[in-house]
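Engineer: The structure's right below; bear with me while I get my questions together.
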Amino acid sequence: KNEVEQSPQNLTAQEGEFITINCSYSVGISALHWLQQHPGGGIVSLFMLSSGKKKHGRLIATINIQEKHSSLHITASHPRDSAVYICAATHSGGGADGLTFGKGTHLIIQP
Amino acid sequence: NAGVTQTPKFQVLKTGQSMTLQCAQDMNHNSMYWYRQDPGMGLRLIYYSASEGTTDKGEVPNGYNVSRLNKREFSLRLESAAPSQTSVYFCASSSRTGWETQYFGPGTRLLVL
């Protein structure tokens, strides 16, 4: 079974700071997902990537397949970015039961 | 376009009672999923349905049953609720299993006393 580890578990930063959240996984994958869970509980998919880098607004996701590692970056962080960020990996065998979730990183951006 | 909807939003049950959580999607997705989320743990897959007419067990299926009623609807049933089933339940859908982006419902908070 694929293990997905996220770090840090908790992160508090000041508005405007550059944020990095890390995700590592134990076996080969076909896709890596980043999700955002709002304080109200809703979950939104931010990115799905299998190689390289993707950017959406102030969010950037990168993946290094050889090192089995992905990062989520937030530039010019804002209090509205406060949320739990979840990494999930689809292992190379695919299938719904191939999606393994990390425990999440709780991010707080203070004004 | 509502996306994925779930009912109810919140429910309190006594041990031994039964209930059904409802989920519907309007995105014409083939695959649907039920997850539970507990404090300090990641999302865990309970059951999924790769396509209409099929269902399969996930990581934590014990104590649950599911029905894929049609392409839009996927329900989760607790036949005899236990306190260990206190959790937040999320339904999700995707165009197909595995590699596609999943879209999540708002969640159902269940408390079993």
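Engineer: Which of the residues belonging to region B:91-113 are more than 9 Å from every other protein chain (Cβ to nearest Cβ) and either of a type outside the set (Gly, Ala, Ser) or without any contact (Cβ under 8 Å) to a residue 24 or more places away in the chain (or both)? Give the steps one after another, and end with the answer.
Structural biologist: Applying the first criterion (more than 9 Å from every other protein chain (Cβ to nearest Cβ)) to region B:91-113 yields B:91, B:93, B:95-96, B:108, B:110-113.
Answer for region B:91-113, where residues must be more than 9 Å from every other protein chain (Cβ to nearest Cβ) and either of a type outside the set (Gly, Ala, Ser) or without any contact (Cβ under 8 Å) to a residue 24 or more places away in the chain (or both): B:91, B:96, B:108, B:110, B:111, B:112, B:113.
Engineer: Also, I was wondering about something else. For residue B:16, are the conditions met, namely being at pLDDT below 90 and closer than 21 Å to residue B:87 by Cα? I'd like the intermediate steps shown before the answer.
Structural biologist: Numbers: at pLDDT below 90: no; closer than 21 Å to residue B:87 by Cα: yes.
No: the conditions fail for residue B:16.
Engineer: From the list B:66, B:88, which residue is in contact with a strand residue (DSSP E or B) (Cβ under 9 Å, 6 or more places away or on another chain), within 17 Å of residue B:8 (Cα to Cα), crowded, with 18+ Cβ neighbours inside 10 Å and without any contact (Cβ under 8 Å) to a residue 60 or more places away in the chain?
Structural biologist: On the way: B:88 fails: crowded, with 18+ Cβ neighbours inside 10 Å.
Result: B:66 is the single residue among B:66, B:88 that is in contact with a strand residue (DSSP E or B) (Cβ under 9 Å, 6 or more places away or on another chain), within 17 Å of residue B:8 (Cα to Cα), crowded, with 18+ Cβ neighbours inside 10 Å and without any contact (Cβ under 8 Å) to a residue 60 or more places away in the chain.
Engineer: Output the strands (runs of 3 or more DSSP E) that fall wholly within region A:1-66 and possess 2 or more residues being at the interface with chain B (Cβ under 10 Å from one of its Cβ atoms) and within 19 Å of residue A:84 (Cβ to Cβ), or say none.
Structural biologist: Details: elements: A:4-7, A:10-14, A:19-25, A:29-37, A:43-49, A:52-56, A:59-64.
So the answer is A:4-7, A:29-37, A:43-49.
Engineer: Being over 21 Å from residue A:100 (Cα atoms), within 12 Å of the chain's Cα centre (by Cα), more than 10 Å from chain A (Cβ to nearest Cβ) and surrounded by 14 or more Cβ atoms within 10 Å (Cβ to Cβ) narrows it down to one of B:22, B:11, so name that one. Lay out the reasoning, then the answer.
Structural biologist: Numbers: B:11 fails: within 12 Å of the chain's Cα centre (by Cα).
Unique residue meeting the criteria: B:22.
The values are calculated or read from the model by the stated rules, or taken from the named source; none is laboratory data. In this text, all values refer to a predicted model and were calculated from it rather than measured experimentally. Cβ coordinates were reconstructed from backbone atoms using ideal geometry, including for glycine residues, and neighbour counts include every protein chain displayed.
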